[in-house]
Amino acid sequence: VYDVDLEQYRETQGDSFDGQAKSAWGTNCNTTETRAVFVDELSCIGCRMCNNLAGDTFGMEDLWGRARVKTQWGNNEEEISDAIDSCPVDCIYWVQRKQLPLLEYIMGLCNRITVASMMNGRAAPDSPFSRAEYFLKQRKEAKWGPADGSMLHNERLSNAIAKAWLQLPAEIRQDLWPQYAELQGDTN
């Protein structure tokens, strides 16, 4: 998902996605491995089964008490597969290695609810998979923009530009854009 246009996208969209995975890569991973492990923390109930069966791969995040991959391929494939198969809510997935950075980034943006709320039937408001898909769609639209090839400005960027402009002293605004000063009656 990382390409040469990422920096331009980040500037226009204001996000901090850098294309790098958050989890480390362990020694049980060969250089040609195309798979990675991802935990949908929104669906995890914090049972610790994965952590108990493959503790070098899975850890528990502190704030919500949910499983998270700390080291890709920290355990061998059999131990990781056993941990995935033991998950009572099926929230652990094999994903493509190239998909992992985006999924981990998006997971950090998703709204969470407590496990108690989940157990009482309340569904998590987000899905990291659907949010990742939406992110890519937005990125593609921003990257290609209108037919003339220019970048689209989102509302946040437009507001930031307007705010910065208005914070400039009146004489600088007049020098930079005389017509703006005339429209505003700013004749200092």
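The values are calculated or read from the model by the stated rules, or taken from the named source; none is laboratory data. In this text, all values refer to a predicted model and were calculated from it rather than measured experimentally. Positions of Cβ are backbone-derived with ideal geometry, glycine not excepted, and every protein chain shown enters the neighbour counts. These accessible areas exclude ligands, DNA and RNA; they are computed on the full protein's heavy atoms, side chains included. Shrake-Rupley method; radii C 1.70, N 1.55, O 1.52, S 1.80 Å.
Of all residues in the range 60-79, those being closer than 21 Å to Ile113 by Cβ and either open to solvent by 40 Å² or more (accessible area, probe 1.4 Å) or without any contact (Cβ under 8 Å) to a residue 24 or more places away in the chain (or both) number 6. For the range 92-141, the tally of residues that are under 23 Å from Leu63 (Cβ atoms) and of a type in the set (Lys, Arg) stands at 3.
Picking from residues in the range 108-125 that are part of a helix (DSSP H, G or I) and open to solvent by less than 70 Å² (accessible area, probe 1.4 Å), the one that is nearest to Phe17 (Cα to Cα) is Gly108.
Inclusion of Leu42 among residues that are open to solvent by less than 20 Å² (accessible area, probe 1.4 Å), within 24 Å of Ser16 (Cα to Cα), among the hydrophobic types (A, V, I, L, M, F, W, C) and touching a helix residue (DSSP H, G or I) at 6+ places or on another chain (Cβ under 6 Å) is not warranted. Applying the criterion of at least 3 residues that are under 17 Å from the mean Cα position of the chain (by Cα) and modelled with pLDDT of 95 or more to the strands (runs of 3 or more DSSP E) found wholly in the range 1-107 leaves 35-39. One residue is enough: does the range 179-186 have a residue meeting the conditions modelled with pLDDT of 75 or more, assigned to a helix (DSSP H, G or I) and touching a Lys or Arg at 6+ places or on another chain (Cβ under 8 Å)? No - not one qualifying residue is present in the range 179-186. A search for C-beta distances below 8 Å between a residue of the range 99-128 that is under 20 Å from Arg35 (Cα atoms) and any residue that is basic (Lys, Arg), counting only pairs 6+ apart in sequence or on different chains, returns Pro101/Lys22; Glu104/Lys22; Tyr105/Lys22; Ile106/Arg131.
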